[in-house]
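Before anything else, here's the structure in question.
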Amino acid sequence: MNALIVYASFTGNNEAVAQILKDALIALGIEVRLEECPMVSPYAFQDYDICIIVTYTWGREGEIPDEFCDFFDELPKIDLKGKVYGILGAGDTLYDDLFCKAVDDFDHQMALTGAAKGADVVKIDAYPQKGDDVAINHFAHSLVNRVKLDVQ
């Protein structure tokens with residue numbers, strides 16, 4: 001079983017989230033590739049069992065980060081039936097209704113690919129703290145269990 005984690009990180013928060021997730025998946029026996037979003041195409045997800053996006057939210061309108069815009073726009077064009085996906089990211093709760101809005105936007109966009117949602121989205125306030133690793137580990141377990149369920 002393998003996973004591709006694609007992330008965008010402006011402040012380093014999401015890079016930390018992606019690394020915690022990578023370590024959690026490796027501990028579960030998953031082969032993991034971790035890539036910053038400008039370095040990989042969304043079509044790369046076709047070669048992986050588990051497709052993960054770690055994103056931040058940008059601007060006062062809760063936009064997709066600039067470096068993820070093309071990636072985001074391409075997603076609905078890709079057939080990812082038979083794949084499992086998960087979305088998570090760090091944001092700032094000061095933005096109230098826009099807190100981690102890009103996480104929700106990517107969740108919707110990934111659903112259009114035909115991939116199965118493997119875990120509830122995870123939203124982290126700023127840099128991941130001690131309790132956040134529990135949520136990220138649970139996220140990893142949920143993704144792996146969904147793949148195992150789909151294989152049966």
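The values are calculated or read from the model by the stated rules, or taken from the named source; none is laboratory data. Note that the coordinates shown come from a computational prediction; the quantities given were computed from them, not determined experimentally. Virtual Cβ from ideal backbone geometry, glycine too; neighbours counted across all protein chains shown. Accessible surface is based on the protein model in full, side chains and every heavy atom, while ligands, DNA and RNA are left aside. Shrake-Rupley method; radii C 1.70, N 1.55, O 1.52, S 1.80 Å.
Relative contact order, percent, of the chain when contacts are C-alpha pairs under 8 Å separated by at least 6 residues?
Relative contact order, the chain: 26 percent.
Enter the per residue convex hull volume of the chain, computed from alpha-carbon coordinates, in Å³ rounded to the nearest integer. Don't skip to the end; give the middle numbers.
Working: hull volume 14.2 nm³, N = 152.
Taking only Cα atoms, the chain has a hull volume of 94 Å³ per residue.
In a shell of Cβ-Cβ distance under 13 Å around residue 58, excluding residue 58 itself, what net charge do Lys and Arg (+1) and Asp and Glu (-1) give?
Within the 13 Å Cβ shell, the charges total -4.
Anything over 26 Å Cα to Cα? Flag those among 77/101; 83/130; 81/130, in the order listed. If you can, show how the numbers build up before the last one.
Working: 77/101 22 Å; 83/130 30 Å; 81/130 35 Å.
From the list (77/101; 83/130; 81/130), the Cα-Cα distance tops 26 Å for 83/130; 81/130.
Continuing with this model, one more query. Using a Gaussian network model on the chain with a 10 Å cutoff between Cα atoms, which of 49, 66, 97 fluctuates the most?
Of 49, 66, 97, the Gaussian network model singles out 97 as fluctuating most.
If you don't mind, there's one more thing I want to ask. Positive end of the charge dipole of the chain (Lys, Arg +1 and Asp, Glu -1 on Cβ, about the Cα centre): tell me which of 48, 6, 89 has its Cα farthest that way.
48
Within the chain, which complete DSSP H helices have Cα atoms spanning at least 24 Å along the helix axis and a mean Kyte-Doolittle hydropathy of -1.0 or higher?
Details: long enough: 132-151 (29 Å, 0.11).
Counting only whole DSSP H runs, the qualifying helices are 132-151.
Sum -39500 (n - 2.57) across every DSSP H segment of at least 4 residues in the chain, then divide by the residue count to get the 222 nm mean residue ellipticity, nearest 500. Kindly include the intermediate steps, with their values, before the conclusion.
On the way: 4 runs with 52 residues, N = 152.
Rounded to the nearest 500, it is -11000 deg cm²/dmol.
Suppose we keep just the DSSP beta bridges with both residues in region 1-101; what percent of those would be antiparallel, to 5?
Rounded to the nearest five, the antiparallel share is 5 percent.
Another one. On the protein heavy atoms, probe 1.4 angstrom, tell me the percent of accessible surface of region 57-139 carried by carbon and sulfur.
About 49 percent, which is the carbon plus sulfur part of the accessible surface.
With a 1.4 Å probe and every protein chain left in place, work out the accessible area per residue of the chain in Å², rounded to a whole number.
Working: 7580 Å² over 152 residues.
Accessible surface, normalised per residue, equals 50 Å².
Moving on. For region 6-89, which trypsin sites (Lys or Arg not before Pro) pass both filters: DSSP loop (anything but H, G, I, E, B) and at most 13 other C-beta atoms within 10 Å?
Values: sites: 22, 33, 60, 77, 81, 83; in loops: 60, 81, 83.
Filter output for region 6-89: 60, 81.
Using only Cα atoms, what Kirkwood radius does region 12-76 have, in angstroms? Kindly include the intermediate steps, with their values, before the conclusion.
On the way: mean 1/r = 0.0766 Å⁻¹.
13.1 Å is the Kirkwood radius here.
Mean 1/r over all different Cα pairs, inverted: what Kirkwood radius does region 91-151 give, in Å?
12.9
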